[in-house]
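Beneath this line is the structure, given in structure tokens, with notes to follow.
The values are calculated or read from the model by the stated rules, or taken from the named source; none is laboratory data. Note that the structure is predicted; figures quoted are calculated from it, not measured. Note that we place each Cβ from the backbone using ideal geometry, even for glycine, and neighbour counts take in every protein chain shown.
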Amino acid sequence: MRKFIYAFLTILLLSCQTETKQVDVATHSEDTNQADKAAIKAVMSAQEIAWNNHDLEGFMDGYWKSSSLKFYGSSGLTKGWDNTLANYKKGYPTPAESGTLRFVINDISKIENGNYWVMGEYHLTRPVGDANGVFMIIFKKIDGHWKIIADMSC
């Protein structure tokens with residue numbers, strides 16, 4: 001009988017340790033998700049600040065500096081960081097055109113391979129007329145930094 005009690009207690013202890021490990025993994029995963037989301041929000045906050053200073057290159061720091069970057073907007077698909085920056089410079093040549101940017105983030109969700117999508121709204125307040133729209137961007141961690149690898153804004 002004593003052997004049975006020891007075996008039962010051993011099994012009980014092991015099952016409690018397994019549950020604790022599963023809870024720890026879930027907590028760690030949630031902590032990682034929250035840290036990732038905070039870092040992504042920080043990138044977007046830095047973009048707002050750069051844009052509002054008419055620093056388009058600083059705004060573009062949030063994007064992957066690659067010819068594989070994809071931006072889809074009202075004028076169609078643009079490929080590459082340099083081409084995307086050129087489009088911004090053409091469309092927003094002065095502070096009056098760029099105005100003041102404010103993002104509204106409606107959702108940040110983890111997708112495959114640890115990437116995230118962000119869905120939201122942009123609001124430009126400017127002397128030449130306000131502009132508002134929606135976006136969906138995809139963030140990927142590249143060399144330890146969160147970067148936008150694809151952007152669809154309209």
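If you go through the range 74-83 and keep only what is modelled with pLDDT under 95 and in contact with a strand residue (DSSP E or B) (Cβ under 9 Å, 6 or more places away or on another chain), you end up with just 74.
Residues of the range 129-144 include at least one that is touching a residue at least 60 places away in the same chain (Cβ under 8 Å) and out of contact with any helix residue (DSSP H, G or I) (no Cβ under 7 Å at 6 or more places or on another chain). Against the condition on the phi > 0 side of the Ramachandran plot and at pLDDT 95 or above, how does residue 129 come out, does it pass? The answer is yes for residue 129.
The one condition from (1) under 19 Å from the mean Cα position of the chain (by Cα); (2) surrounded by 17 or more Cβ atoms within 10 Å (Cβ to Cβ) that residue 144 does not meet is (2). For the range 73-83, a residue qualifies if it is part of a strand (DSSP E or B), surrounded by fewer than 16 Cβ atoms within 10 Å (Cβ to Cβ) and either in contact with a helix residue (DSSP H, G or I) (Cβ under 8 Å, 6 or more places away or on another chain) or touching a residue at least 12 places away in the same chain (Cβ under 8 Å) (or both), and exactly one does: 79.
Is it the case that some residue within the range 116-133 is of a type in the set (D, E, K, R) and assigned to a helix (DSSP H, G or I)? Within the range 116-133, none of the residues are of a type in the set (D, E, K, R) and assigned to a helix (DSSP H, G or I).
Residues that are under 20 Å from residue 36 (Cα atoms), modelled with pLDDT of 95 or more and exposed (fewer than 14 other Cβ atoms within 10 Å of the Cβ) within the range 84-120 comprise 104, 106, 107, 109, 111, listed in sequence order. Sub-8 Å Cβ pairs linking a first residue in the range 44-61 that is surrounded by fewer than 16 Cβ atoms within 10 Å (Cβ to Cβ) and part of a helix (DSSP H, G or I) to a second residue that is small (Gly, Ala, Ser) and at pLDDT below 95, at least 6 apart or interchain, number zero.
Residues in the range 84-108 that are in contact with a helix residue (DSSP H, G or I) (Cβ under 9 Å, 6 or more places away or on another chain) and basic (Lys, Arg): 89, 102.
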